[in-house]
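> Here it is: the structure, laid out below.
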Amino acid sequence: MRLELATDVEGVRPLVTQWRRLATGHPAATPYVLPEWALAWWWHGRSAPAQWRCVSGHEPNGDVIGVIPLLRYGAGVATVSGVELADSTGALVAPERMAELWEATVTALRRDGVRRLDLPYLHGTDLAALRDGPAAVRVTGEDPGGYVPLPGSWEDYRRSLKAEVRRKIDSRRRRLERGFGPVRLQVTTERAHLAERLYEFWRFRERAWQLRGRYDELAAPARGPKLSDFLHFLGRHADGPSVPAVATLTAGETVAAAAVLHVCGDRAWFYLCAHDLRLRALGPGITLLTECVRYAIEAGLTELELGRGDEPHKFTVGAQRRVRPNVRVDL
């Protein structure tokens with residue numbers, strides 16, 4: 001394997017076509033390791049000066065076999081591009097080549113003057129590969145999260161829930177419908193309308209957090225115009241294995257809740273949700289989540305990732321717990 005280290009955005013651009021092609025159908029592909037995500041962060045998400053250290057592994061014929069989109073911050077510290085808004089990190093590479101790619105990456109970064117590599121929310125396979133390599137690897141903490149394994153049908157999913165949970169979900173939906181009208185989930189995937197829907201979602205989410213009185217608790221990249229520009233870039237430029245979609249739950253004419261969905265391969269990611277606080281007692285968030293489960297099942301997907309955090313509502317809809325380690329690699 002031949003390793004290349006792109007140190008500026010012009011060095012990253014030539015990778016995009018092969019990078020996207022590599023991700024299509026790849027079992028390690030997630031929205032957070034795609035070129036659109038990395039470039040959206042570069043143009044709209046950075047909160048401090050950074051330099052590209054985008055790693056790509058190549059076959060002798062030039063084909064890209066793996067990518068790790070890294071950025072270097074400050075004095076010798078590197079991390080994954082866009083990690084502040086991501087729910088997981090890891091290399092985009094076949095499992096049998098992962099140890100080789102990480103070992104070559106560590107060697108290249110060390111020669112480049114990088115002394116520490118921070119990898120929050122790292123996949124377990126990446127951690128195992130790093131531990132087999134030449135650097136000192138330390139787990140500094142863990143981030144819990146959840147995911148819903150999806151059966152083959154909505155009926156099978158419903159049967160997998162406890163009877164009391166089904167009654168709770170059904171009761172909240174009925175109360176929402178009695179108060180406002182029929183409940184419907186609309187998922188916008190069309191490129192012509194996506195940027196507009198993402199902007200509407202951003203405004204809805206901003207208002208929801210402001211009404212909660214907890215807006216200042218959001219990290220800087222996850223609020224305000226910076227987040228709006230980031231989402232707009234994704235909506236305009238995403239093309240290939242994962243394009244963001246906006247899932248909007250309406251009750252009659254009222255927007256009750258909304259989220260961004262990323263579908264990548266046979267999985268979907270439920271991302272940046274919000275609900276109308278005036279309807280909180282009616283549980284619009286749970287209804288949105290269960291309708292997204294239904295949507296994912298009907299789309300033939302195998303898993304709905306619910307991201308970081310172990311909030312109770314995730315496990316109400318049958319999520320299983322998943323913990324990802326925060327890893328520090330001293331080079």
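The values are calculated or read from the model by the stated rules, or taken from the named source; none is laboratory data. Values in this document were obtained by computation on a predicted structure and should not be read as measured data. Every residue, glycine among them, receives a Cβ derived from its backbone with ideal geometry; neighbour counts consider all protein chains shown. Side chains are part of the model used for accessible areas, which takes the heavy atoms of the whole protein and leaves out ligands, DNA and RNA. Shrake-Rupley method; radii C 1.70, N 1.55, O 1.52, S 1.80 Å.
> Only one residue in Leu218, Leu176 is more than 22 Å from Ala238 (Cα to Cα), in contact with a Ser or Thr (Cβ under 7 Å, 6 or more places away or on another chain), surrounded by 13 or more Cβ atoms within 10 Å (Cβ to Cβ) and among the hydrophobic types (A, V, I, L, M, F, W, C). Which one?
After applying the criteria, what remains is Leu176.
> Restricting to region 43-82, name every residue that is in a loop (DSSP other than H, G, I, E, B) and not hydroxyl-bearing (Ser, Thr, Tyr).
Of everything in region 43-82, those that are in a loop (DSSP other than H, G, I, E, B) and not hydroxyl-bearing (Ser, Thr, Tyr) turn out to be Arg46, Ala48, Pro49, Glu59, Pro60, Asn61, Gly62, Asp63, Gly74, Ala75, Gly76, Gly82.
> Give the residue, chosen from Leu71, Leu85, Leu22, that is closer than 25 Å to Arg236 by Cβ, hydrophobic (A, V, I, L, M, F, W, C) and under 16 Å from the mean Cα position of the chain (by Cα).
Leu85
> Please work out if Thr140 is touching a strand residue (DSSP E or B) at 6+ places or on another chain (Cβ under 7 Å), open to solvent by 50 Å² or more (accessible area, probe 1.4 Å) and in contact (Cβ under 8 Å) with a residue 40 or more places away in the chain.
When the stated conditions are applied, Thr140 passes them.
> Next question, about the same structure. Taking region 262-277 only, how many residues are closer than 20 Å to Glu206 by Cβ, in a strand (DSSP E or B) and not hydroxyl-bearing (Ser, Thr, Tyr)?
5
> Any residue in region 88-107 that is touching a Ser or Thr at 6+ places or on another chain (Cβ under 8 Å), assigned to a loop (DSSP other than H, G, I, E, B) and either among the polar types (S, T, N, Q) or modelled with pLDDT under 95 (or both)?
Within region 88-107, one or more residues are touching a Ser or Thr at 6+ places or on another chain (Cβ under 8 Å), assigned to a loop (DSSP other than H, G, I, E, B) and either among the polar types (S, T, N, Q) or modelled with pLDDT under 95 (or both).
> Based on what the data block shows, is Glu206 out of contact with any Pro (no Cβ under 8 Å at 6 or more places or on another chain) and free of Cβ contacts under 8 Å to residues at least 24 places away in the same chain?
Here the answer is yes, as Glu206 does meet what is asked.
> Tell me, which residue of region 183-202 that is over 20 Å from the mean Cα position of the chain (by Cα) and in contact (Cβ under 8 Å) with a residue 12 or more places away in the chain is farthest from Ile286 (Cα to Cα)?
Gln186
> When you look at Ala40, is it over 17 Å from Val263 (Cα atoms), under 23 Å from the mean Cα position of the chain (by Cα), outside any loop (DSSP other than H, G, I, E, B) and not basic (Lys, Arg), yes or no?
Criteria met by Ala40.
> May I pose another question? From the residues in region 74-128 that are crowded, with 22+ Cβ neighbours inside 10 Å and among the charged types (D, E, K, R), which one is farthest from Phe230 (Cα to Cα)?
The extreme case among them is Asp126.
> Continuing with the same structure: Does at least one position in region 46-67 carry a residue that is open to solvent by 10 Å² or more (accessible area, probe 1.4 Å), closer than 30 Å to Ala245 by Cα and within 15 Å of the chain's Cα centre (by Cα)?
No.
> Follow-up. Taking only region 189-208 into account, find how many residues are open to solvent by less than 90 Å² (accessible area, probe 1.4 Å) and closer than 19 Å to Thr254 by Cβ.
Total satisfying the criteria: 8.
> A further question follows. Just to be sure I understand the filter: pairs with C-beta atoms under 9 Å, separated by 6 or more residues or on different chains, first member in region 47-71 and farther than 16 Å from Ala91 by Cα, second member aromatic (Phe, Trp, Tyr) and open to solvent by 20 Å² or more (accessible area, probe 1.4 Å). Which pairs pass?
That search, which allows pairs on different chains as well, returns Ala48/Tyr73; Pro49/Tyr73; Ala50/Trp42; Ala50/Tyr73; Gln51/Tyr73.
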